[in-house]
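Only one structure is covered here, and it is reproduced in the block below.
Rule-based calculations on the coordinates, nothing more; no lab input. Because the structure is a prediction, the values reported are computed rather than measured. Cβ placement follows ideal geometry from the backbone for every residue including glycine, while neighbour counts extend to all protein chains displayed.
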């Protein structure tokens, strides 16, 4: 397993959404390193690990987490809540990236401490633009400092 | 019939005894003779007579009128007053006890008998009437409760249906995104497709986009019902002005002449009112876009039937509509023009209708031939 820190961790269960995301990444000629996990459990395993390997965790934190909401096992909200209660990931940039435009979901994301809420676009060209915007907003400067 | 049991309330023993004798002679039973109101109430509670013959002046605290009221109210026993006092003041007081008869002493035996028979008969009728009234009230209450239960059931069913529609619509988003995305990617490979098929990726992509719009509009339409309402006093003229300014600014190059009369304040939820005005006025702007200038007038008039509502209206010089299809204007996803002629899904006016109804108002439209369209809507007057 590649343990070097990715730029963006995409937490997404839909195969099509992942593939299109990577096509957009390619279309943008982006150099950002993307890492993908397929659900909330995998995301928490990767970000928090288990008690035995906590020393690795800070080294592999991405600079941005894009978090889907509707996923099998743990939902995006569950993941967000867990990450925000853990000291190591309390300030990790997390953007909810979901199909839902329900205000209840936006409010819940805000309440649980998401940095932003972006609705998945219906069109591929908008996906390209949003991905570029993510890189501009979160990767272009050293947000962590 | 003559087996009725009577109570005599009379403080002069001689008169009471004479009365009892006469009653017995006529075939009635007498359950007792009371000399005071208190005693009368006790006897009545014990024997439940069918009728009380009541003197007005009695021994003790209660007079005959007070006693009669207790017998009527508490035990539903009809009372005939027997009194030597027939002055108006006494009569007026006696009326308050709702007696069935009033005989002035001395009276004929036949007169007494007739009064007793009429009273017994009339009281029986009154009892049946009261029972019928009670039954009607009970049935009404049942009916009311039934209607409430039924309404609650229907509302729950409607909420469930809308919930299912909502879930279905929401879940269509992901596959639509995939269709649009992959067909978009396919467009870069059109050279590898036969000429006859080269436009297909774009056709798939544009249809997926349209379906995504339909899904968005359907979800927005369903969300109106869930939106909380916080009605307050709103200056609707300011809102109309602000919405029109934004909508016109979004269409550079349009020449639009706007007249907004002084409009009375209304009672509305500001957020929903704004959504309503956006839907209504963007519809107006859309169907006036061939006019230079487009002329939009917003005014009001008092409501003829509902005094607590204003009628506001928006008049334009646009293409108007065929009055024969006016009922279709406000239906979800119904369009009166060819879909390629005007963009959109046909949800705007359906949204406007749903919003204004949630705020307690109505909306309708008229289109005088060759003179554009007028949209009327009502909103409650602010208190």
(request) First measure r as the distance between the Cβ atoms of residue B:335 and residue B:141, then evaluate 1/(1 + (r/R0)^6) with R0 = 60 Å and state the FRET efficiency to the nearest 0.05. (result) 0.80
(request) Just grab the label-to-label distance for residue B:171 and residue B:245, each label 7 Å out from Cα along the Cβ direction, in nm (one decimal). (result) 4.6
(message) Show log10 I(q)/I(0) for segment B:157-220 at q = 0.14, 0.21 Å⁻¹, two decimals, from a solvent-free Debye sum over equal Cα scatterers.
(response) -0.49, -0.79
(message) What number does segment B:1-97 give for Rg over Rh if you use C-alpha atoms and the Kirkwood radius?
(response) 0.94
(request) For chain B, with a Gaussian network of springs between Cα atoms less than 10 Å apart, report the residue from B:149, B:279, B:20 with the top mean-square fluctuation. (result) B:20
(request) Averaging sequence separations of C-alpha pairs under 8 Å and six or more residues apart, then dividing by the length of chain B, give the relative contact order as a whole percent. (result) 10
(request) Report the convex hull volume per residue for chain A, counting only C-alpha atoms, in Å³. (result) 111
(request) Kindly give Rg over Rh for segment B:247-299, based on alpha-carbon atoms, with the Kirkwood expression for the hydrodynamic radius. (result) 1.00
(message) In Å and on Cα atoms, what radius of gyration and Dmax does segment A:58-124 show?
(response) 11.9, 37
(message) Taking each residue in B:165-173, count the Cβ atoms of any other chain within 10 Å of its Cβ, then average. What number comes out?
(response) 2
(request) Report Rg (one decimal) and Dmax (nearest whole number) for segment B:323-383, counting Cα atoms only, units Å. (result) 13.1, 45
(request) List, largest first, the extents of the alpha carbons of segment B:252-383 along their principal axes, each in whole Å. (result) 44, 30, 28
(request) Please say if segment B:84-158 is rounded, prolate or oblate, where rounded means a/c under 1.5 for a ≥ b ≥ c the square roots of the C-alpha gyration tensor eigenvalues, and otherwise the choice is prolate for a/b larger than b/c and oblate otherwise? (result) oblate
(request) Pairs of Cα atoms under 8 Å, at least six residues apart: use those to get the relative contact order of segment B:262-318, whole percent. (result) 34
(request) List B:342, B:182, B:100 from most exposed to least, where exposure is judged by having the fewest other Cβ atoms within 10 Å. (result) B:342, B:182, B:100
(message) Rounding to the nearest 10 and keeping the result within 0 to 90°, find how far the Cα-based axis of helix B:236-249 lies from the longest principal axis of chain B.
(response) 20
(message) Between 0 and 90 degrees, rounded to the nearest ten: what's the tilt of helix B:270-286 against the longest Cα principal axis of chain B?
(response) 50
(request) Label the protein assembly as shown by shape, choosing from rounded, prolate and oblate, from the square roots a ≥ b ≥ c of the eigenvalues of the Cα gyration tensor; if a/c is under 1.5 it is rounded, and otherwise prolate applies when a/b is larger than b/c, oblate when it is not. (result) prolate
(message) Which residues does the label zone of residue A:84 cover in segment A:97-121, counting backbone N under 15 Å from a point 7 Å along Cα→Cβ?
(response) A:97, A:104-118
(request) Between the alpha-carbon centers of segment A:77-117 and segment B:30-100, tell me the distance in whole angstrom. (result) 81
(message) Rounded, prolate or oblate for segment B:198-296? Axes are the square roots of the Cα gyration tensor eigenvalues, ordered a ≥ b ≥ c, and the cut-off for rounded is a/c under 1.5.
(response) oblate
(message) Once R0 is set to 45 Å, what does the formula 1/(1 + (r/R0)^6) return for the Cβ-Cβ distance between residue B:307 and residue B:158, expressed as a FRET efficiency to the nearest 0.05?
(response) 0.90
(message) Sorting check: for B:348-356, B:11-19, which peptide has the highest mean count of neighbouring beta carbons within 10 Å, and how do the rest follow?
(response) B:348-356, B:11-19
(request) Determine the relative contact order of segment B:191-322: mean sequence separation of Cα pairs under 8 Å and six or more apart, normalised by residue count, in whole percent. (result) 21
(message) Can you say what percent of the DSSP beta bridges in chain B, counting only those with both residues inside, are antiparallel? Round to 5.
(response) 50
(message) Helix B:13-25 against the longest principal axis of chain B: what's the angle in degrees, Cα atoms only, rounded to the nearest 10?
(response) 80
(request) Principal axes first, then extents: for the Cα atoms of segment B:240-330, list largest minus smallest coordinate on each axis, whole Å, largest first. (result) 41, 33, 22
(message) Cut-off 10 angstrom, C-alpha nodes, Gaussian network model of chain B. Which of B:110, B:225, B:274 fluctuates the most?
(response) B:110
(request) Using R₀ = 35 Å, calculate the FRET efficiency as 1/(1 + (r/R₀)^6) where r is the Cβ-Cβ separation of residue B:322 and residue A:28; round to 0.05. (result) 0.10
